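Just below is one structure, and these are the notes that go with it.
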């Protein structure tokens, strides 16, 4: 959450770039997973933001009805680490974004989840597309689903799935919020991650 203090707060005259992003993501996750067996947790990781992003996120999460499903982590609190992927870092300055992603993934995996889905702090991607990432994971036993950001003029068929080797898996990406509404049946018809049997759990997390 480096420098995300503006995005985390609602838009206003004093905060023209506000996105209310944490509340928005919680609402989108609750919507897409409603009436499914999916049980989700959100891990927001501060990578040493000097503008108080972690404190802002903590206050927003504490006041939200879904507070029990939100975890605000600080990369510096995990360092130095005696083992794992963070053990080479002396401080958050050594690897901010990568270190934060690793800490979030490690925290999620320690909770015995079936899959980990990564999103950044902005609202450029509607989390209603979550089902598009889960579909190859569930239907094709892919080890990883990746959805690169799609900009104006670029193809909307942009999700790459890497399993045994690397291959393209053409599905919808970069859709608008309205189009994302059509993604809901995917997550609701895929069986959902918590219904997967243990033999279907990939060796690597979904990112």
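Structure data summary
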quantity	calculated
Odd one out for residue 80 among (1) closer than 17 Å to residue 29 by Cα; (2) surrounded by fewer than 13 Cβ atoms within 10 Å (Cβ to Cβ)	(1)
From 92, 100, 81, 142, residue being over 21 Å from residue 4 (Cβ atoms) and touching a helix residue (DSSP H, G or I) at 6+ places or on another chain (Cβ under 6 Å)	142
Members of the stretch 15-41 that are assigned to a loop (DSSP other than H, G, I, E, B) and in contact with a strand residue (DSSP E or B) (Cβ under 9 Å, 6 or more places away or on another chain)	41
Residue among 54, 44 that alone is crowded, with 18+ Cβ neighbours inside 10 Å, touching a residue at least 24 places away in the same chain (Cβ under 8 Å), more than 16 Å from the chain's Cα centre (by Cα) and not in a loop (DSSP other than H, G, I, E, B)	54
Count of residues meeting criterion [under 18 Å from residue 22 (Cβ atoms) and either at pLDDT below 90 or under 19 Å from the mean Cα position of the chain (by Cα) (or both)] in the stretch 63-101	14
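The values are calculated or read from the model by the stated rules, or taken from the named source; none is laboratory data. Note that the structure is predicted; figures quoted are calculated from it, not measured. Reconstructed Cβ throughout: ideal geometry from the backbone, glycine too, with neighbour counts over all protein chains shown.
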